[in-house]
Amino acid sequence: MIDKLNEEINKFLSSFENIEEEKINQIQKKFSTSITDDLNKGHVTTNVSMIAASNLKKSPKDIATALVEWLEKTKKFEKVESAGPGFINITLKRSDFVSTINKINQKSQKFGESDYGKGKSVQIEFVSANPTGPLHVGHGRGAAYGDAIGRILSSSGYKVQKEYYINDAGRQIDILTASVFARIFSDELNGFFPKNAYKGSYISEIALAFKNKNNLKLDIDKTSLIENLPIDEEKEIDELILRLKENYGAWTDIKAFALDEVLKTIRTDLESFDVTFDKWYSESSLGDISDKKSKIKKAIDYLIKNKLAYEDNGAVWLDTSKSGDDKNRVLIRDDGRATYFASDVAYHKDKIDRGFDKLINVWGADHHGYIKRIEASIEGLGFDKEKLDVQLVQFANLFKDGKKVKMSTRSGDFYSLADLINEIGTDAARFYYLSKQADQHLDFDLDLAQADNKENIFYYIQYAHARICSLLEKYNKSFSSMPEDATAISNNTYTNCDKLIHEMSKYPHIVLRAANALQPHLIIYYLKDFAQSFHSFYNDNKVLTESKENTDSIVYCLYAVKIIIANGLKLLGIKPIEKM
RNA sequence: GCGCCUGUAGCUCAGCUGGAUAGAGCAACUGCCUUCUAAGCAGUGGGUCAGGAGUUCGAAUCUCUUCAGGCGCGCCA
């Protein structure tokens, strides 16, 4: 409908004499035609006359009057009027207005999909939590967000690949391994446990599982292993790791086992959160910097060759300040080990080499200082930094009984994603994670997520869906088939559904906006308003006691309402509820 | 110090690339269940969109600035 109107507007603009094409283009770029927020303003509105006014050096009102005349002559619209400072409000012909319901019911689950992305490939990397323990509630938000934008982009015509980057190469994994080691031989080591090791109960579980599988002896001298370790907790564990790596053959076995176990937990947690990945990319597959053929070595060699990386003070640096970073960054330490940054540079090079049109990184907001650096490296590698889009996700604070839930990883006791799912369920959790723009702090109220009143928007929306399901069931029992059109609405004898239909016509635009801005919360707010319109209608109108023709029309319309709610929720990765 | 984010009703927040009288929910007050799910609906009151300046037909939205709050600034990952 908007297209039809814009077409006429363009014809109208061209009809002006002595107008330069460039001016027309400028106007076309700036004006907007949209669905009205309120039926009092008709169905569709445009601000073109106000935009054109300055370009054409005429008053907005004059242009509006001329345009109204033009549009009336086309006879394509029911009513055209100018309003306020120069808006043009258009009332559509009844048949055009009602065709929305037909479209929704015909396209069903596919309603709202588009080819906006034109098949462009997008890679979304998200969660990517260090595999050193179960996911906590902070990771949950990134998981819900990354997955939701994946769903939204797919439905908007993008080819989406979702990827998890496993940081399985660094010091953190060594600490994990040392932690498990210390638990396995807790008795032999007289309860020794490094101060900086991971203390969570999952470590003991992994240790136990390992023990049950491998009947392992501590066949090295334990005093030389744990005596005279540095007091400093950081240095203590590093020294322990060093001794183990040098003297203990089973180190790599424990490491592989621990990593595997943790990843299994992460995968399971994500699955029960309805988040799946197309690819799990292992940092260690980038190889070692000492290996000439490794991806990491090649990436850094490339940078050195192109004089973007240089040696100084025994380390290799990347000139990131050239691209706006406040200082240059180390790629290879003076002891020859690569930094995490070096891996990341190689990883991003690999991503781009894989041919994606766009890369989206979903990062915790605490990494924002890292963006410049990675962008600089992308430019350094000879790519356009616009290819990369970093979306930051702020932390979520959990509230229970009005108090903030403490989350400490140090003590090992923390509120895990699995705990959250157990407590309020996957769908409610996803919903509230997505209920606010991702890059803003979120206060997540656990009590609210379970409340059975209107304030709990999750159930408010679901309730609308369930009510319709119940109605449809009752209708189907009486008539044993569903209506196939909305005659009473089309011929204007029943108009109480008009607001609902009008709201529904906005849905595809909302999805596009969400895709464009990568903001799933727009869908949530739309659904909330839409559910409100439904509840209001439901309260004021009896459905099944109307005349047969009216009932058929309403049911046909409500069927479309149900589709919209279900489709919207699906984009958020949430299953609609049929009975409450 | 530098960078990013935030400031909208008593509270929690929406408000798209500038648009028509700034919107919800909660809280307060008041109505609506002999009928399809009351986890619902309807109504009333409540605002200097942090302050100031600018851009223009038009600013909560864009620019500058002041104030207030949060976060980030490792040869950690």
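The values are calculated or read from the model by the stated rules, or taken from the named source; none is laboratory data. These numbers come from a predicted model, not from an experiment. Cβ sites come from the backbone with ideal geometry, for glycine too, and all protein chains shown count toward neighbours. Note: areas computed on protein heavy atoms with side chains; ligands, DNA, RNA excluded. Shrake-Rupley method; radii C 1.70, N 1.55, O 1.52, S 1.80 Å.
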Exercise for the section: Work out, step by step, the length gained on full extension between A:Lys454 and A:Ser470: first 0.36 nm times the residue separation, then minus their alpha carbon distance; give nm to one decimal. Expected result: 3.8 nm
Completion exercise
The answer for A:Tyr494, listing residues at least 5 apart or on another chain whose modeled amide H is closer than 5 Å to its amide H, is A:Ile489
Practice task
Compute, for A:Phe12, the solvent-accessible surface of its heavy atoms (probe 1.4 Å) with the complete set of protein chains present, and express it in square angstrom to the nearest 10.
Solution key: 10 Å²
Exercise for the section: Could you check what % of the DSSP bridge pairs in chain A are antiparallel, to the nearest 5? Expected result: 50 percent
Fill in the blank from the handout: With all protein chains present and a 1.4 Å probe, the order of A:Thr177, A:Thr339 from largest accessible area down is A:Thr339, A:Thr177
Exercise for the section: Would you please put A:79-87, A:26-34, A:99-107 in order of how densely packed they are, using the mean number of other Cβ atoms within 10 angstrom per residue and starting with the highest? Expected result: A:99-107, A:79-87, A:26-34
Exercise for the section: With a 1.4 Å probe and every protein chain left in place, work out the accessible area per residue of region A:1-89 in Å², rounded to a whole number. Expected result: 58 Å²
Handout entry: 19 Å Cα-Cα threshold exceeded, pairs from A:Lys23/A:Lys118; A:Lys506/A:Lys562; A:Lys162/A:Lys570; A:Lys30/A:Lys103
Key = A:Lys23/A:Lys118; A:Lys30/A:Lys103
Handout entry: For region A:178-183, 3J(HN,Hα) per residue [Karplus equation, 6.51 cos²θ - 1.76 cosθ + 1.60, θ = phi - 60°, Hz, x = Gly/Pro]
Key = 5, 5, 5, 4, 5, 6
Fill in the blank from the handout: Taking only protein heavy atoms and a 1.4 Å probe, the highest-to-lowest accessible-area order of A:Met1, A:Met580 is A:Met580, A:Met1
Practice task
Could you compute the FRET efficiency for A:Tyr340 and A:Asp419, with r as their C-beta to C-beta distance and R0 at 25 Å, rounded to 0.05?
Solution key: 0.30
Problem - Nitroxide proxy distance, nm - points 7 Å out along Cα→Cβ at A:Asp350 and A:Glu227 - result: 4.4 nm
Fill in the blank from the handout: Per the helix-only model, chain A has a calculated mean residue ellipticity at 222 nm (DSSP H runs of ≥4, -39500 (n - 2.57) each, divided over all residues, rounded to the nearest 500) of -16000 deg cm²/dmol
Exercise for the section: Run the quick spin-label model on A:Ser536 and A:His441: label points 7 Å from Cα toward the beta carbon, then report their separation in nm to one decimal. Expected result: 3.4 nm
Problem - Calculated from backbone phi, Karplus (6.51, -1.76, 1.60) coupling profile of region A:351-363 in Hz, x at Gly/Pro - result: 4, 5, 4, 6, x, 6, 6, 8, 10, 10, 9, 9, 10
Problem - 5 angstrom amide H check on A:Tyr281, placed H, neighbours 5+ away - result: A:Tyr164, A:Tyr165, A:Ile166
Fill in the blank from the handout: One checks the Cα atoms of chain A and finds Rg and Dmax, in Å, of 30.1, 97
Exercise for the section: Above 20 angstrom, tally the Cα pairs of region A:454-571 and express them as a % of all pairs, no decimals. Expected result: 42 percent
Handout entry: Estimated Rh, region A:129-258: Kirkwood, alpha-carbon pairs, angstrom
Key = 16.7 Å
Handout entry: Largest-first ordering by accessible area, 1.4 Å probe, given options A:Lys322, A:Lys474
Key = A:Lys322, A:Lys474
Problem - Residue-level accessible surface for A:Ser186, protein heavy atoms, 1.4 Å, Å² - result: 40 Å²
Fill in the blank from the handout: Dividing the mean separation of Cα pairs under 8 Å (6+ apart) by the residue count of chain A yields a relative contact order in percent of 16 percent
Handout entry: From phi via Karplus (6.51, -1.76, 1.60), per-residue ³J(HN,Hα) for region A:233-246 in Hz, x at Gly/Pro
Key = 5, 5, 5, 4, 6, 4, 5, 4, 4, 4, 4, 5, 4, 7
Handout entry: Spin-label pair A:Val390/A:Asp301, simplified geometry with 7 Å Cα→Cβ offset, distance in nm
Key = 2.8 nm
Handout entry: Computed E for A:Asp37/A:Ser204 - FRET, C-beta separation, R0 51 angstrom, nearest 0.05
Key = 0.30
Fill in the blank from the handout: Between A:Asn215 and A:Glu246, Cβ-based FRET efficiency (R0 35 Å, step 0.05) works out to 0.90
Fill in the blank from the handout: Contour minus Cα-Cα span, A:Thr276 to A:Ser95, at 0.36 nm per residue, comes to 60.9 nm
